[in-house]
Amino acid sequence: LTFTFSARMQIKGTHAQARMTAGRRVAPASRAVTCLVARRQQMVNAAAVVAGTDWKSLAQEMDHKGPLEIMDSALKTFGGDVGIAFSGAEDVALIEYAHLTGRPYRVFSLDTGRLNPETYQLFDQVEKHYGIRIEYTFPEAQAVQDLVRAKGLYSFYTDGHTECCRVRKVQPLRKHLKGLKAWITGQRKDQSPGTRMEVPVVQVDPAFEGLATGPGSLIKYNPLSNATSQEVWNFIRVMNVPYNSLHDKGYVSIGCEPCTKAVLPNQAEREGRWWWEDAQAKECGLHSGNIKKADGTVEERTADRDLWVDGQVAALSKAQVQDIAAGKRDKDIVAVLYAPWCPFCQAMEGSWTELADSLKGSSVTVAKYQADTDKDFATEQLGLKTFPTIVFFPKGRSGFVKYPSERRDAETLRMWVRSMAGAI
């Protein structure tokens, strides 16, 4: 994303030339013929390139290229058969890159009917700034009506966002992409570590079909794949690109209004989307340990072993927890209320051990309490609702503070303990 002075001048020259060409007066008939010939030539060129292209090899070859060069390649290869997907967030940078190539380009957006007012305002600003018309795509009215009448306006908070997204986003997107041979997205590897780390700069789309229909009929470009959020925002600011005002309010990843919220510093940006599902997916309900047998009776789930048997994690008895809850503590204590059979408790075994090791000899005791043996007590006295629950007991007074996040890596836990205990 760093331009040399000469590269910038070349871009400005190409940009200026494109503007001059766009401003020329051309007779309607000759312009129509010229456009038709150019359009046919683009289709021939695109078909020839696509037919003999090894997209995996091309992705490796272009992986070190910058966003501008990748964008130029996409527009050169597919001409009017490629569209830029614009969500109303920082992917506005894609439009600026397309503009800088001096080539014609198309932009489309999915209007789900649930976007933020600020997003609609950005659409208008972008159209005026670049002198373009965004191709808006809408969900089928009957499908939306059926969903809302059957489940209400906010069903996704209880049964997940998948169905609503399928009706309002996926189906309209699928329909629109069938009119294209390629599309360009703003996906980056750093947006959601662990789920988007494999984002090639160009690929055969594995999920959607294009104009020719059938598997392999659509190409997907990700020019920002190797860029970081900071690099994208530096580019947006330097180039004076219009952006969504929600970004100034702590929003990073922006989608539909009910499914988007601001994130805190150092949170992964996608944590602001469908956050309630992330939390549910990382906890065990209090009754998840009940197993229903074939005869209809229920028995408690048991574990093959206990957690944190050896090492620096202190095991608390019920009597000790009662005393601690009553305020009898001369040190800060951070404890995990756990159930050995809970997979999410098992998953944090390593990070909790690492936390205990790092705080050895400090003013904070890292402890555990097996709360599934007396859930009523833990619920009433410690606010237990799900496993695992992490609580901090400050020294010298009663009460406790519950850890509010589903992030349970050692570094995040350590930062939280320090914010509670101060110098340790």
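Results, tabulated for the structure shown:
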quantity	calculated
Of the criteria (1) open to solvent by 30 Å² or more (accessible area, probe 1.4 Å); (2) in a helix (DSSP H, G or I); (3) closer than 23 Å to ILE70 by Cα, which one ARG103 fails	(2)
Lone unmet requirement of (1) at pLDDT 95 or above; (2) in a helix (DSSP H, G or I) for GLN10	(1)
Region 405-424 - residue that is in a helix (DSSP H, G or I) and hydroxyl-bearing (Ser, Thr, Tyr) and, of those, surrounded by the fewest Cβ atoms within 10 Å (Cβ to Cβ)	SER419
Selected residue (only one of ALA85, ALA59 is at pLDDT 95 or above, open to solvent by less than 70 Å² (accessible area, probe 1.4 Å), in contact with a strand residue (DSSP E or B) (Cβ under 8 Å, 6 or more places away or on another chain) and aliphatic (A, V, I, L, M))	ALA85
Close pairs from region 242-258: first closer than 21 Å to GLU127 by Cβ, partner part of a helix (DSSP H, G or I) and among the polar types (S, T, N, Q), Cβ under 7 Å, at least 6 apart	PRO242/GLN125; ASN244/THR119; ILE254/THR119
Check on GLY52, under 23 Å from ASP248 (Cα atoms), of a type outside the set (A, V, I, L, M, F, W, C) and either modelled with pLDDT under 95 or surrounded by 19 or more Cβ atoms within 10 Å (Cβ to Cβ) (or both)	no
Residues within region 204-226 that are open to solvent by 10 Å² or more (accessible area, probe 1.4 Å) and within 20 Å of ALA93 (Cβ to Cβ), tallied	2
Residue satisfying all of: in region 136-177; within 25 Å of the chain's Cα centre (by Cα) and charged (D, E, K, R); farthest from SER217 (Cα to Cα) among these	ASP159
Residue under evaluation PRO215, criteria (1) of a type outside the set (Asp, Glu); (2) within 22 Å of the chain's Cα centre (by Cα); (3) at pLDDT below 95; (4) over 13 Å from ILE84 (Cβ atoms), criterion not met	(2)
Filtered residue count, region 307-324, keeping only those that are surrounded by 19 or more Cβ atoms within 10 Å (Cβ to Cβ) and either more than 24 Å from LYS395 (Cα to Cα) or touching a helix residue (DSSP H, G or I) at 6+ places or on another chain (Cβ under 7 Å) (or both)	3
Some residue of region 371-379 being in contact with an Asp or Glu (Cβ under 9 Å, 6 or more places away or on another chain), among the polar types (S, T, N, Q) and either more than 21 Å from SER398 (Cα to Cα) or open to solvent by less than 50 Å² (accessible area, probe 1.4 Å) (or both)	no
Helices (runs of 4 or more DSSP H) (entirely within region 146-242) containing at least 2 residues that are under 28 Å from PRO258 (Cα atoms) and either in contact with a strand residue (DSSP E or B) (Cβ under 8 Å, 6 or more places away or on another chain) or of a type in the set (S, T, N, Q) (or both)	171-177, 229-238
Selection count, region 243-268, where residues are in a helix (DSSP H, G or I) and touching a Ser or Thr at 6+ places or on another chain (Cβ under 8 Å)	1
Subset of region 343-371 [assigned to a helix (DSSP H, G or I), closer than 23 Å to LYS328 by Cα and over 32 Å from the mean Cα position of the chain (by Cα)]	ALA371
Test for SER109: is it polar (S, T, N, Q) and open to solvent by 20 Å² or more (accessible area, probe 1.4 Å)	no
Search result, residues across region 372-404 that are within 30 Å of ALA423 (Cβ to Cβ) and in a strand (DSSP E or B)	THR389, ILE390, VAL391, PHE392, PHE393, VAL401, LYS402
Yes/no for VAL126 being assigned to a helix (DSSP H, G or I) and either among the acidic types (Asp, Glu) or at pLDDT 95 or above (or both)	yes
Scope region 57-95; condition part of a helix (DSSP H, G or I) and not hydrophobic (A, V, I, L, M, F, W, C); matching residues	SER57, GLN60, GLU61, PRO67, GLU69, ASP72, SER73, LYS76, THR77, GLY79, GLY80, ASP81
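The values are calculated or read from the model by the stated rules, or taken from the named source; none is laboratory data. The shown structure was predicted, so the numbers you read here are calculated from the model rather than taken from an experiment. Virtual Cβ from ideal backbone geometry, glycine too; neighbours counted across all protein chains shown. These area figures cover heavy atoms from the full protein model, side chains too; ligands, DNA and RNA do not enter into them. Shrake-Rupley method; radii C 1.70, N 1.55, O 1.52, S 1.80 Å.
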